[in-house]
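Asker: The structure that follows is given in the form of structure tokens.
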Amino acid sequence: MTCKERILSNDYADIIIDFILPEGSLAEQGLDYCIHTLDEEFSAAYVSRGQLPPLSIGVFRYSAIPKLYGLMQTFQAENLVEMGNLRVQGPPLSLQGNGVIIGFIDTGIRYDLDVFKNESGGSRILSIWDQTIQEGTPPAGFLYGTEYTREDIERAMQSPEPLSVVPSTDENGHGTAMASAAAGSVLDEGLTFRGAAPQADIAVVKLKGAKQYLREFYLVDEAADAYQENDIMEAVKYLEQLAVLFKRPVVIVLGLGTNMGDHAGNSPLAAYLNRVAAKGSRAVVVCGGNEGDKEHHYSAVMPEQVELRVEENTKGFCMELWGNRIDIYSVILRTPGGEMTSVIDFRSGPDNMYGFLFDRTKIYTGIALVEKRSGNELIFFRFENPTPGIWTIMVRPSQQEDISGSGSFHLWLPITAFIGGGAAFLEPDPDVTLTEPANAQNVITVSTYNGLTGSWFAESGRGFTLDGRVKPDVAAPGVQVSTVLGPRTGSSMAAALSAGCVAQYMEWAVVDGYAPFGESSTVKSQLIRGAVRADNITYPDERWGYGKLNISGAFERLART
């Protein structure tokens, strides 16, 4: 069996490796496997599940199991003036993204739409890596999917049946909407749509869906779109390499997120994005998610009793408890009918299952007393067939002497799309609700407001990070944003518009040569300086970061320095 076949097969487990694996060490164990190296720190191993124990936190480190990410959109039904885009698009700066590549990691793109063409009718899409199509040739250095070049796309556009030439498309529409908001163009009087950077070139990675065994492990609702962490990391590598291939700046934008993780930017994906964003001619823009009002975060100091409401028809969900480095935590769960588990802590072992006499629910736990990447304690819960009603989570020190720090802890439920039915904390904390990887240090993290009214978007994720760093960096419009597929709402739209602003800055800085290094930290600082700040808010703020993004304001500040 080839490595490509292992990567695609549900019979092989994907394992993220964040250390140097001695050559041949897996072969010495007689395992059926292959390895694909991402960079000097990260690799992905694909190992036969039949040779491995069942998936669990105790056997496989938490960070080794790819987390699943969902689309950051809502299902509601012009913001360029609000963000200063139109002013910067016109003279004297005339910045429209020329010479800049905006890369999208999402659901694909409808490449034949007019908004993605240049003035001569050719395509502004440089390449598409479709991870879901296996019949063609993968990109150089990658093992799966099919890459389509601009030449392939333009041949398809001249064909009466484009999909017979380039069969990649966007059935969902999310990726197409993001690309049009960031880089859609106006070609004639009958097409009135305009994106933030309408002359930028576009590169696209269409992600393959998550493997079924991971969906089952995380109990993701069968109707939800879900994508694997390691596939997203591969997509980031593909896009950031375009800066070298085309000798042009690249802006990578992510409209995806997850609630799984420590919310301090320590996941493998966040760490990888940090390194990419630190490179010259690269910038990474990440949405803050739509979990601010979803009642999926709880914070307190132990001892504490937490109440969790589970709705009818909820088949299952995961929950994570994150403590701090100093204290040691224990948990007792009480069902709506009054039955209780025994004490759950590190002394009960890394992996356990709890059943009940009068209740159909099964609860699986995994405990990392010191989670490798964060250093904090993690207790991971899987609720299978949870009884509807009010569950009680009693959080205590494992022993009385085990409180030597603050005793603080946080609980997170999955993003809304992943929970079929519903689950929510009765007394939630709307702060620290930015989805991962928005908490990564070097990326440009964007929260969401309503550009039509200037008001805060209640669903937007809020900062700060779990370790107290300032995130989000800025806020951007994300409600009823104009796209080629009609108005769209969600933090992914705010990220798309922000990516267009970053492309405008990159054109001035790198293409025109005024600040040729152009890494994310520099761009972020300029956006922060130019942000619009209200007199009645103290900045940085958990919702607004350093203010409303305004690219025109950034250039006005530059002109004064």
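Asker: For the range 234-260, which residues satisfy the criterion of being within 18 Å of Ala495 (Cβ to Cβ) and either under 14 Å from the mean Cα position of the chain (by Cα) or among the charged types (D, E, K, R) (or both)?
Answerer: Listed by number, the residues that qualify are Ala235, Val236, Glu240, Ile252, Val253, Leu254, Gly255, Leu256, Gly257, Thr258, Asn259.
Asker: Tally up the residues in the range 495-547 that are within 26 Å of the chain's Cα centre (by Cα), surrounded by fewer than 16 Cβ atoms within 10 Å (Cβ to Cβ) and over 17 Å from Thr445 (Cβ atoms), please.
Answerer: Residues in the range 495-547 being within 26 Å of the chain's Cα centre (by Cα), surrounded by fewer than 16 Cβ atoms within 10 Å (Cβ to Cβ) and over 17 Å from Thr445 (Cβ atoms): 1 in total.
Asker: Which residues, taken from the range 319-357, are of a type in the set (Phe, Trp, Tyr) and open to solvent by 10 Å² or more (accessible area, probe 1.4 Å)?
Answerer: Quick first cut of the range 319-357, residues of a type in the set (Phe, Trp, Tyr) only: 322, 329, 346, 354, 356.
Result: Phe346, Tyr354, Phe356.
Asker: Kindly indicate whether Arg373 is assigned to a loop (DSSP other than H, G, I, E, B), within 28 Å of Glu436 (Cα to Cα) and not polar (S, T, N, Q).
Answerer: yes
Asker: State which residue pairs qualify: first residue within 17 Å of Gly545 (Cα to Cα) and inside the range 513-525, second residue of a type in the set (S, T, N, Q) and assigned to a loop (DSSP other than H, G, I, E, B) in any location, beta carbons under 7 Å apart, and separation of 6 or more residues or different chains.
Answerer: Correct list of pairs: Ser520/Asn442; Ser521/Asn442.
Asker: Looking only at the range 32-46, how many residues end up being assigned to a loop (DSSP other than H, G, I, E, B) and surrounded by 14 or more Cβ atoms within 10 Å (Cβ to Cβ)?
Answerer: 4
Asker: Just to verify a result, which residue in the range 395-415, among those that are of a type outside the set (A, V, I, L, M, F, W, C) and assigned to a strand (DSSP E or B), is most open to solvent (accessible area, probe 1.4 Å)?
Answerer: Arg396
Asker: Ok, one more. Return only the number of the condition from (1) out of contact with any Phe, Trp or Tyr (no Cβ under 8 Å at 6 or more places or on another chain); (2) surrounded by fewer than 24 Cβ atoms within 10 Å (Cβ to Cβ); (3) over 21 Å from Ser374 (Cβ atoms) that Lys208 does not satisfy.
Answerer: (1)
Asker: Starting from residues that are of a type in the set (A, V, I, L, M) and open to solvent by less than 20 Å² (accessible area, probe 1.4 Å), keep the ones in the range 47-70 and report whichever is nearest to Glu216 (Cα to Cα). Walk me through it before giving the result.
Answerer: Of the residues in the range 47-70, the ones of a type in the set (A, V, I, L, M) are 47, 52, 55, 57, 59, 64-65, 68.
Going one step further and asking which of them are open to solvent by less than 20 Å² (accessible area, probe 1.4 Å), we end up with 47, 57, 64-65, 68.
On the way: Val47: 18, Ile57: 15, Ala64: 17, Ile65: 13, Leu68: 11 Å.
Filtering the range 47-70 for residues that are of a type in the set (A, V, I, L, M) and open to solvent by less than 20 Å² (accessible area, probe 1.4 Å), the one nearest to Glu216 (Cα to Cα) comes out as Leu68.
Asker: Checking the conditions here, which among Leu191, Leu214 is open to solvent by 10 Å² or more (accessible area, probe 1.4 Å), of a type in the set (A, V, I, L, M) and either modelled with pLDDT under 95 or more than 19 Å from Ala495 (Cβ to Cβ) (or both)?
Answerer: Being open to solvent by 10 Å² or more (accessible area, probe 1.4 Å), of a type in the set (A, V, I, L, M) and either modelled with pLDDT under 95 or more than 19 Å from Ala495 (Cβ to Cβ) (or both) holds for just one of Leu191, Leu214, which is Leu191.
Asker: Quick test for you: out of Thr149, Thr107, Thr132, Thr137, pick the one residue that is β-branched (Val, Ile, Thr) and touching a His at 6+ places or on another chain (Cβ under 9 Å).
Answerer: Just a single option satisfies the conditions, and that option is Thr107.
Asker: Right, something else. Going through the range 530-548 one residue at a time, which ones are among the acidic types (Asp, Glu) and over 19 Å from Ala458 (Cβ atoms)?
Answerer: Asp535
Asker: Might you let me know whether the range 96-111 holds any residue that is over 23 Å from the mean Cα position of the chain (by Cα) and modelled with pLDDT of 95 or more?
Answerer: Yes.
Asker: Return the total of residues in the range 358-369 being open to solvent by less than 70 Å² (accessible area, probe 1.4 Å) and at pLDDT below 90.
Answerer: Summing the residues that are open to solvent by less than 70 Å² (accessible area, probe 1.4 Å) and at pLDDT below 90 in the range 358-369 gives 1.
Asker: Which one of Glu307, Glu295 is in contact with a strand residue (DSSP E or B) (Cβ under 7 Å, 6 or more places away or on another chain), modelled with pLDDT of 95 or more and at positive phi? Show your work before the answer.
Answerer: Values: Glu307 fails: at positive phi.
Result of the check over Glu307, Glu295: Glu295.
Asker: Something else about it: Within the range 439-462, can you find the residues that are closer than 30 Å to Pro386 by Cα and either hydrophobic (A, V, I, L, M, F, W, C) or open to solvent by less than 10 Å² (accessible area, probe 1.4 Å) (or both)? First the steps, then the outcome.
Answerer: Taking the range 439-462 first, the residues closer than 30 Å to Pro386 by Cα are 458-462.
Scanning the range 439-462 gives Ala458, Ser460, Gly461.
Asker: If I go through the range 530-561 residue by residue, how many of them are at pLDDT below 95 and of a type in the set (Lys, Arg)?
Answerer: Looking only at that region, the number is 2.
The values are calculated or read from the model by the stated rules, or taken from the named source; none is laboratory data. As the structure is a computational prediction, the values presented were derived from the model and not from experiment. Quick reminder, even Gly has a Cβ in these numbers, built from the backbone with ideal geometry, and neighbours come from all protein chains shown. Only protein heavy atoms, including side chains, enter the accessible area calculation; ligands, DNA and RNA are left aside. Shrake-Rupley method; radii C 1.70, N 1.55, O 1.52, S 1.80 Å.
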